[in-house]
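As structure tokens, the structure follows; a few thoughts come after it.
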Amino acid sequence: MKIKIKYTAQLKKAIGKAEDLVDVNEGINIEGILNHLNKIYSKEFANIVFNQDGQFMNAVLLILNGKQIAFNSEKEVKENDVITIMSPIAGG
Amino acid sequence: MQEVRYMKKLTEKELAVYEWQLDVPGFGVEGQEKLKNSSVLISRCGGLGSVVAYELAAAGVGKLILAHGGNVVPSDLNRQLLMTDAGLGKSRINSVERRLKELNPRLEIVAIGENINENNVAELVSQADVVVDAAPLFEERFLMNREVVRQKKVLVDCAMYELEAQITTIIPGETPCLSCLYPEKPVAWKRKFPVFGAVSGTVACLGAMEAIKVLSGLGETLSGKLLTLDLRDMSFNELSINKNKKCSICS
Ligand SMILES: [Zn+2]
């Protein structure tokens, strides 16, 4: 099934695009999606989203259909869902 | 804001200056008096904070506590609207104070020529009813967040990057705090960020309006909501954000 992923700020720069359509298996959760993205993108994605031990960086905000969702949420992601992965910003 | 204090009334001059905003439904003389008797801390007064300060000075907030270190450099001038070309090499905070006083000589200003740090944050927050966070470093943002949670003050948190911006209003005890959103220090953030003054100014005006609403009781705030904007395609989204039950600051 196809899921739309949007990126903000420095993540957008790291990936080189603002959004992407990815093909994943049904029944996948948010953690599964991030692990999938980690495989298809360059190291620059991982540098922002995961630490050196491969653990998720909790300062990255995850949004599923307009609501914040935790990395370890068991919630299944469905076809046509929109996930936004937000790189933290602090510009003043 | 909860404490009982003597409310100063509006003068004839003030009634004339604020005439057009007194007509805003739900605001009126009562709202204007609340602004007059309020204080707001803004840190820093750069691209974002300059415009927050200017709008709040224009709106008639009685007292601004302003923290901003350093001297004016050429690269400030594309966005830090309280700095001037003639002020290059001179103190930023002096420029901020002078420009605000030109607009509103009635304004009480506490001007601090340094950025928020561990030594000044508690005292500066204690003087304010509302804090507007416009700092370019997460260290400063986390200090203000910790202190508003401790002192139960409202924090309007505004941030931008390139053509994107975001804003939320943090009400301790009710909404997520900044450390709920970012439990760890973000590693990818760099001090130098791409910025147009029109982007920092846009989120600054939103932040000033949030402060005005919190202080006067007007309208609905962004409490528990993160408004994100991308001026590259003019998309605005309101996201719902969660309290972290294990937050080291607010839980
Ligand atoms: Zn918190």
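The values are calculated or read from the model by the stated rules, or taken from the named source; none is laboratory data. Bear in mind that the values here come from a model prediction, so they are computed numbers and not experimental data. Glycine also receives a Cβ, built like all others from the backbone with ideal geometry; neighbour counts cover every protein chain displayed. Note: areas computed on protein heavy atoms with side chains; ligands, DNA, RNA excluded. Shrake-Rupley method; radii C 1.70, N 1.55, O 1.52, S 1.80 Å.
Scanning the stretch B:179-219 for residues being touching a residue at least 40 places away in the same chain (Cβ under 8 Å) and within 14 Å of A:Pro88 (Cα to Cα) gives a total of 10.
Listed by position, the helices (runs of 4 or more DSSP H) inside chain A whose residues that are within 11 Å of chain B (Cβ to nearest Cβ) number at least 1 are A:9-15, A:43-49. If only residues of the stretch B:157-175 that are more than 7 Å from every other protein chain (Cβ to nearest Cβ) and of a type in the set (Ser, Thr, Tyr) are counted, the one that is farthest from B:Glu140 (Cα to Cα) is B:Thr175. Could you go through the stretch B:125-132 and let me know if any residue there is more than 18 Å from B:Val52 (Cβ to Cβ), over 16 Å from the mean Cα position of the chain (by Cα) and more than 14 Å from chain A (Cβ to nearest Cβ). No: zero hits.
Within the stretch B:203-251, the set of residues being within 16 Å of the ligand (Cβ to nearest atom) and over 29 Å from B:Gly28 (Cα atoms) comprises B:Ser240, B:Ile241, B:Asn242, B:Lys243, B:Asn244, B:Lys245, B:Lys246, B:Cys247, B:Ser248, B:Ile249, B:Cys250, B:Ser251. Tell me, please, whether a residue that is more than 14 Å from the chain's Cα centre (by Cα), away from the ligand (no atom under 16 Å from the Cβ) and away from every other protein chain (no Cβ under 12 Å) can be found in the stretch B:176-186. No: zero hits.
Looking only at the stretch B:126-160, count how many residues are touching a helix residue (DSSP H, G or I) at 6+ places or on another chain (Cβ under 7 Å), open to solvent by 10 Å² or more (accessible area, probe 1.4 Å) and not charged (D, E, K, R). Looking only at that region, the number is 5.
Number of residues in the stretch B:230-245 that are in contact (Cβ under 8 Å) with a residue 60 or more places away in the chain and not β-branched (Val, Ile, Thr) equals 6.
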